[in-house]
Amino acid sequence: MVEKVFLILTVWRSVPAFLAFHSLQDKQAVMEDMRRFGGNDTLWSLHRLLISSKLFRRIFLTRVSFKSQKLQKIVRLFYRPSQDFSVEVIDKKIGGGFMVCHGNSTIVYARSIGKNFLVHQNVTVGRGKMIEGNDVPVIGDNVLIGTGAIVIGGIHIGNNVKIGAGAVVHKDVPDNCTVVGNPMRIICKKEIKDERAFN
């Protein structure tokens, strides 16, 4: 009851965020983020997450900055993002369902990020070896990066990839694989030719 009263009394803080949300072209991506953080598709849920989650704020403000730096600065006056977690995406493409667990000392600097990206604490995604004119990773859909992992260079991380805790990834990773260790070792699922096995 106290939390509900507090949220009602502070809803004025979220008016600029509501306006920013409505100005975004990809509102669906924000709603998918909200669901990953335990919310739903309502403005009330957006308000609650902005109040309660600094990590969600950082992701939301990053999306707003893609639309307008000025608008992002206005929203930041009312909501300070987490200083423990940093995200920058060069191509301004982040799929919906971006989730950060804990976020302490996590830096994500990528070319683009697919949908349903999940990243844990003490992770570094960033610059490294230049490959074909790119020095930061491109991350596919449904990628999970475990605690303390490092993903660097102009590499491609495929879809449905899991990067284990403490792994150091500096080469391309194909779809449907798991990466472990330092030096990195890629473990791929064997293709099942008989689809009847799933029925």
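The values are calculated or read from the model by the stated rules, or taken from the named source; none is laboratory data. As the structure is a prediction and not an experimental result, all values here were calculated from the model. Glycine also receives a Cβ, built like all others from the backbone with ideal geometry; neighbour counts cover every protein chain displayed. The accessibility values were calculated without ligands, DNA or RNA, using every heavy atom of the protein model including side chains. Shrake-Rupley method; radii C 1.70, N 1.55, O 1.52, S 1.80 Å.
Scanning the chain for GluC sites (Glu not before Pro) in DSSP loops with at most 12 neighbouring Cβ atoms within 10 Å leaves 1-131 as the longest stretch between them. 3J(HN,Hα) couplings calculated from phi for region 94-109 with the Karplus curve 6.51 cos²θ - 1.76 cosθ + 1.60 (θ = phi - 60°) are, in sequence order, 10, x, x, x, 6, 10, 10, 9, 6, x, 4, 6, 9, 10, 10, 10 Hz; Gly and Pro show x.
Quick one: pull the percent of accessible area on the chain belonging to carbon and sulfur, 1.4 Å probe, ligands and nucleic acids left out. Answer for the chain: carbon and sulfur cover 54 percent of the accessible area.
Angle of helix 54-67 to the longest C-alpha principal axis of the chain, folded into 0 to 90 degrees and rounded to 10: 90°. Between helix 43-52 and the chain there is an angle of about 80 degrees, using the helix long axis and the longest principal axis of the Cα atoms. Counting only alpha carbon atoms, the long axis of helix 27-36 and the longest principal axis of the chain meet at about 80°. Across region 1-124, the mean sequence separation of Cα contacts (distance under 8 Å, 6 or more residues apart), normalised by length, yields a relative contact order of 22 percent. Ordering Gly181, Val168, Phe117 by Cα displacement along the dipole of region 43-188 toward the positive end leaves Phe117 in first place; charges were set at the Cβ atoms of Lys, Arg (+1) and Asp, Glu (-1).
Taking amide hydrogens as placed 1.01 Å from N in the peptide plane, the amide H of Ile155 sits under 5 Å from those of Val138, each at least 5 positions away in sequence or on another chain. For the set Lys129/Lys171; Lys93/Lys129; Lys115/Lys171; Lys92/Lys129; Lys27/Lys162; Lys115/Lys162, the pairs lying more than 19 angstrom apart at their alpha carbons are Lys93/Lys129; Lys115/Lys171; Lys92/Lys129; Lys27/Lys162. Per residue, the chain exposes an accessible area of 55 Å² to a 1.4 Å probe, with every protein chain left in place. Amide H contacts of Val108 (H built 1.01 Å from N, in plane; Pro and chain starts excluded): Ser86, Val87, Glu88, Val125 sit under 5 Å, all sequence-distant by 5 or more or on other chains. In the chain, excluding the sites themselves, the longest stretch lacking any of the trypsin sites (Lys or Arg not before Pro) that are in a DSSP loop with at most 12 other Cβ atoms within 10 Å is 1-91.
Please label the shape of region 24-126 as rounded, prolate or oblate, based on the square roots a ≥ b ≥ c of the eigenvalues of the alpha-carbon gyration tensor (a/c under 1.5 means rounded; beyond that, a/b larger than b/c means prolate, else oblate). Cα axes put region 24-126 in the rounded bin. Rank Ile107, Ile155, Ile74 by mean-square fluctuation in a GNM of the chain with C-alpha springs under 10 angstrom and give only the top-ranked residue. For the chain, modelled as a Gaussian network with Cα springs under 10 Å, the answer is Ile74. Close amide H pairs (under 5 Å, H built 1.01 Å from N) link Ile145 with Leu118, Val119, His120, Ile163, residues at least 5 positions away or on another chain. Checking Cβ-Cβ separations below 4.7 Å across the chain identifies Cys101 as cysteines lacking any candidate disulfide partner. Once the Cβ-Cβ distance of Phe6 and Val168 is raised to the sixth power relative to R0 = 41 Å, the FRET efficiency obtained is 0.40. Here Val15 and Asp84 are evaluated by their C-beta separation; at R0 = 22 Å the FRET efficiency comes out at 0.25. Compute the Kirkwood hydrodynamic radius of the chain, taking the inverse of the mean of 1/r over all pairs of distinct Cα atoms, and give it in Å to one decimal. Roughly 17.7 Å, rounded to one decimal.
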